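K.L.:
Please find one structure pasted underneath; my questions will follow.
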Amino acid sequence: MFSEKVINVLYVDDEHYNVHSFTSSFRRIFNVYTASSISDAETILTVQDIHVMIVEQHMSTMAGLKFLMESLSKYPNVVRILLTTLCDKQDLIDAINKAQVFRYVEKPWDSDELQKFITEGYAFYKGHIIRVSSC
């Protein structure tokens, strides 16, 4: 088994309180990177090996789902989690079919459940990397 501290998680949300809350909840468990804008997230993705990315759907500059779809071609191995307070059925369908979202999580999140999803996402990431590299 792996130590959870090796997992690099990027949390993207333009609400400062949510970024602070996520960091406080998970910084001792995972390597936490945060971005309060899509451009900050893109910068982090270019310089860090991110395993799991959690993105808020309702952001001021771009919908989180649109960002996840656009980032798929550049960062296909990053495991994606969509976070939102409310989501319509079409957003969920698009999240699965177009952005390859691993999990959909409603706010406010349950810390234990989100930690489990991140850990499962990393296990999926490791399996995906192994399959890709063995081809």
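K.L.:
Can you compute the helix-only [θ] at 222 nm over the chain? Use -39500 (n - 2.57) per DSSP H run of at least 4 residues, normalise by all residues, nearest 500 deg cm²/dmol. Mind showing how you got there, number by number?
P.N.:
On the way: 5 runs with 61 residues, N = 135.
Helix contribution divided over all residues of the chain: -14000 deg cm²/dmol.
K.L.:
Over 23 Å between Cα atoms: which of K5/K74; K74/K126; K5/K66; K66/K107 fall into that group?
P.N.:
On the way: K5/K74 25 Å; K74/K126 18 Å; K5/K66 29 Å; K66/K107 19 Å.
Check vs 23 Å cut-off fails for K5/K74; K5/K66.
K.L.:
Fully extended, how many nm does the chain gain between S39 and E113 (0.36 nm per residue separation, minus their Cα-Cα distance)? Working shown, then result.
P.N.:
Working: separation 74, 0.36 × 74 = 26.64 nm, distance 2.81 nm.
So the chain would gain 23.8 nm between S39 and E113.
K.L.:
Could you grab the relative contact order for the chain? Cα pairs under 8 Å, six or more apart, rounded to a whole percent.
P.N.:
On the way: 195 pairs, mean separation 29.9, N = 135.
Relative CO of the chain lands at 22 percent.
K.L.:
I would also like to ask the following. Let me test this: with uniform point scatterers at the alpha carbons of the chain, what is the Debye-based log₁₀ I(q)/I(0) at q = 0.09, 0.10, 0.12, 0.13 1/Å?
P.N.:
The calculated log intensity ratios at q = 0.09, 0.10, 0.12, 0.13 Å⁻¹ are -0.23, -0.28, -0.41, -0.49.
K.L.:
Further question on the same structure: For the chain, list the DSSP H helices whose alpha carbon atoms reach 18 Å or more along the long axis and whose average Kyte-Doolittle value is -1.0 or above? Don't jump to the answer; show the numbers that get you there.
P.N.:
Details: long enough: 111-133 (33 Å, -0.27).
Membrane-span-like by this rule: 111-133.
No value in this document is a laboratory result; all are computed from the given coordinates. Computed from a predicted structure; not experimentally measured.
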